[in-house]
1. A:ALA95 versus (1) part of a helix (DSSP H, G or I); (2) of a type in the set (A, V, I, L, M); (3) facing another protein chain (nearest Cβ under 10 Å); (4) more than 26 Å from B:VAL119 (Cα to Cα): which is the lone unmet condition?
2. Do the conditions hold for C:LEU115, that is, is it facing chain A (nearest Cβ under 8 Å), without any contact (Cβ under 8 Å) to a residue 12 or more places away in the chain, of a type in the set (A, V, I, L, M) and out of contact with any Pro (no Cβ under 8 Å at 6 or more places or on another chain)?
3. Can you tell me which residue is surrounded by the fewest Cβ atoms within 10 Å (Cβ to Cβ) among those in region B:146-165 that are of a type in the set (A, V, I, L, M) and touching a residue at least 12 places away in the same chain (Cβ under 8 Å)?
4. Restricting attention to region A:129-165, and to residues there that are among the β-branched types (Val, Ile, Thr) and in a strand (DSSP E or B), which single residue is surrounded by the fewest Cβ atoms within 10 Å (Cβ to Cβ)?
5. Identify all residues within region C:56-80 that are modelled with pLDDT of 90 or more and either among the hydroxyl-bearing types (Ser, Thr, Tyr) or in contact with a Gly (Cβ under 9 Å, 6 or more places away or on another chain) (or both); write none if there are none.
6. Would it be correct to say that A:ALA252 is crowded, with 19+ Cβ neighbours inside 10 Å and closer than 30 Å to A:TRP27 by Cα?
7. Quick check on region A:21-33. Is at least one of its residues closer than 21 Å to A:ILE271 by Cα and in a loop (DSSP other than H, G, I, E, B)?
8. Only one residue in C:GLY180, C:GLY120 is within 12 Å of chain A (Cβ to nearest Cβ), buried (at least 22 other Cβ atoms within 10 Å of the Cβ) and either free of Cβ contacts under 8 Å to residues at least 40 places away in the same chain or not acidic (Asp, Glu) (or both), so which one is that?
Amino acid sequence: MPAPLAAGRPPRRAGRLAALGRVDRRWIFLLVGASVALPLLRPLHLPIGTSREARAYHAEVERLQPGDEMIFSFDYEPDTMAELDPMSLATLRHAFSRGVRVIALTNYAGGPGIALRILGQAASEHERQYGRDYVFLGYNPDYSATMLRMGESIRSTFPTDHFGTPSAELPLLREVDRYADIELLVTVTASALAEYWVIWAGGRFGQRIVAGNTAIQAVLIYPYYQTGQLAGFLGGLKGAAEYERLIGRDGAGVRGMDAQSVAHLLIVCFIVLGNIGYFAQRRSARAAGDAARDGEA
Amino acid sequence: MKRTGPVLLGFVIGMLMLVQHFTPDRWIAERYNNILDWKQVVFGLTLILGVVSLFLYHWRRIARREEGWRYSLLTVGGLAFMIGAAILFTPSRGPYPWMFEHVQAPMQSTLFALLAFYVASASYRAFRARNLHAALLLSAGVIVMLGRVPLGEAIGLNHISTWILDYPNLAAKRGVMIGVGLGMTATAIKIILGIERTYLGRGA
Amino acid sequence: MAEELGILVGALLTLAIFSLLYRDNPFYRAAEHLLVGVSAGYYVVHYFYAAVIRKFTVPVFQQGEWWLLPGGLLGLLIFFRLRPRTAWLSRYAIAFYVAAWSGYLIPSVLQERVLTQIAGTIPDPAAAAPWALAMSLLVLVGVASILVYFYFSAAHTGALGRISRVGILFLMAGFGASFGYTVMGRVSLLIGRFQYLFEDLPRALGRL
């Protein structure tokens with residue numbers, strides 16, 4: 001008796017679905033590129049909601065009074081500036097518009113170039129004066145020692161500012177010298193530095209802290225927000241867009257949100273298609289196995 | 001001298017930095033501040049050593065005409081140009097900040113942007129619901145991915161993604177965090193007591 | 001003019017890096033090596049200024065803060081690593097650095113990463129509403145079961161095995177959330193580059 005071939009042969013549709021798994025990855029790259037490029041060229045203007053964490057971050061800056069001091073740490077390098085520059089710019093615009101005085105620094109050697117560009121832009125928009133309204137202390141090696149030492153004396157930690165001016169000669173630093181004189185510390189970071197600011201500036205000196213994070217880092221710091229060790233945080237470009245909406249000044253974060261939505265949708269489609277292909281392949285392999293067993297029988 | 005000396009130094013310095021946390025003694029507080037200052041200098045010089053090693057590696061490749069030595073010329077040339085620019089024009093103006101803004105920053109950020117393509121490709125090829133655990137990971141990933149962007153908010157997925165982030169994710173991250181925290185503490189104690197010496201290199 | 005030209009150069013280098021997506025090629029390799037050289041040059045200038053000039057020569061030689069001298073000497077020891085015969089001297093610098101870090105890490109990490117996190121996990125029945133209390137219990141179950149999962153001193157069989165399997169479920173949900181956010185981060189970086197090519201570059205070309 002002939003083997004029941006029709007029953008054992010993998011269905012043609014399943015074979016086609018299984019072929020989904022063998023697509024040249026450059027087609028995938030092309031689709032990803034298009035999913036980001038098209039919404040940037042033709043925006044969809046999707047509504048943007050705000051998260052509780054972003055509102056808490058905003059409220060912390062909002063409660064500062066004119067003349068209050070804020071430490072702003074640019075803890076990132078060019079690799080993540082697409083996510084973090086919009087946060088830094090929006091925060092500094094917000095702070096300067098409220099008359100808050102800013103002591104800026106960076107814990108990364110790649111940070112000074114970014115800090116100078118963003119500080120310069122925000123300060124010139126609000127006509128802030130260097131030395132009186134804001135200072136840039138530059139890069140200091142060894143973040144943990146820097147954070148701990150600043151609790152004792154900012155002037156000793158940074159004997160000069162980024163440009164070589166002695167810290168004691170800067171009007172702003174003549175008035176403030178330690179965390180106790182600072183209302184709020186903002187770190188915008190691509191690494192675990194938000195956590196380290198919490199451990200060494202927050203835990204040891206009671207400094208109030210908010211953090212802007214890359215999306216990858218944001219997911220890790222929920223425990224610190226739940227315990228109140230962080231007063232608020234922003235996560236990724238979406239966090240930046242939320243903050244831009246909260247201060248009423250759209251920027252690169254808001255402009256990027258449509259592309260972010262479409263690209264995410266595409267990647268979800270990839271996951272679904274990849275799984276359809278995988279299950280089809282598994283089914284056809286099982287069917288082929290059954291046919292072979294039937295043949296042997 | 002080669003082994004005991006560094007371990008002994010580590011014990012004294014480590015104990016001093018530990019004890020200062022529990023005492024208001026002024027002498028100890030001053031030594032603590034001194035050590036923090038020294039530590040920054042040591043760290044900065046260690047980073048400089050890293051750049052010197054990078055230079056020597058590429059210099060040797062050029063000198064021996066190893067495969068790809070012409071690319072090493074670009075590395076050594078770029079390094080020398082930046083140092084020269086900072087000395088001749090100061091780091092605040094001229095070619096040094098220009099090179100950062102228009103050469104380093106675009107390339108460094110593009111290199112990381114490439115990962116968007118690879119993560120999409122990996123999602124297509126490797127992200128499979130093979131079993132319950134993988135299906136759970138996949139579902140949480142998809143919900144968070146969509147729930148955190150305007151498109152997902154429009155269909156109400158943000159509420160589920162917020163719940164995932166606030167509770168199961170929080171528990172996962174906290175569990176790992178506490179475990180790592182305990183591990184870091186145990187390792188630090190072993191380093192101070194000289195039990196853990198692998199960080200000193202071979203033969204220590 | 002220099003700014004506009006810079007954006008043009010930046011755009012060309014951006015495309016050189018993107019060319020890797022098609023296949024490995026000499027443009028990509030050249031750009032990659034140039035990036036390593038330029039960024040190392042950028043960093044070393046800041047390392048030198050911050051560590052040698054600002055934290056050492058200015059305070060010691062201009063302000064008479066001689067107590068910084070040991071730090072400089074310890075730092076110089078690290079360069080003995082370059083010669084195998086003298087490399088052991090660098091161990092003093094490394095031991096100093098790692099031990100100092102270990103010393104101040106212990107109390108702070110125990111307090112902020114362990115004790116405060118445990119305190120945050122304990123539900124407060126008096127303060128919480130029923131839903132919040134239920135969620136606090138969920139977090140407590142998650143944290144406890146994950147800690148059991150990472151406990152390797154006993155075989156994961158019986159009750160221990162069942163609890164650790166619950167821990168795996170929480171970990172998977174957490175990894176899923178991390179994956180979702182990772183995709184978000186990577187896409188954001190790509191958006192940044194496309195904004196550079198589609199917004200900054202045409203503006204700069206228009207001004208040239």
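The values are calculated or read from the model by the stated rules, or taken from the named source; none is laboratory data. Everything numeric here is computed off the predicted structure, so don't read it as measured data. Heads up, the Cβs are rebuilt from the backbone with ideal geometry, glycines too, and the neighbour counts pull from every protein chain shown.
1. With respect to (1) part of a helix (DSSP H, G or I); (2) of a type in the set (A, V, I, L, M); (3) facing another protein chain (nearest Cβ under 10 Å); (4) more than 26 Å from B:VAL119 (Cα to Cα), A:ALA95 is out only on (3).
2. Details: facing chain A (nearest Cβ under 8 Å): no; without any contact (Cβ under 8 Å) to a residue 12 or more places away in the chain: yes; of a type in the set (A, V, I, L, M): yes; out of contact with any Pro (no Cβ under 8 Å at 6 or more places or on another chain): yes.
Judged against the criteria, C:LEU115 is not a match.
3. B:ILE160
4. A:THR160
5. Listed by number, the residues that qualify are C:PHE56, C:THR57, C:VAL60, C:GLY75.
6. Details: crowded, with 19+ Cβ neighbours inside 10 Å: yes; closer than 30 Å to A:TRP27 by Cα: yes.
Spelling it out, A:ALA252 is indeed crowded, with 19+ Cβ neighbours inside 10 Å and closer than 30 Å to A:TRP27 by Cα.
7. Within region A:21-33, one or more residues are closer than 21 Å to A:ILE271 by Cα and in a loop (DSSP other than H, G, I, E, B).
8. C:GLY180
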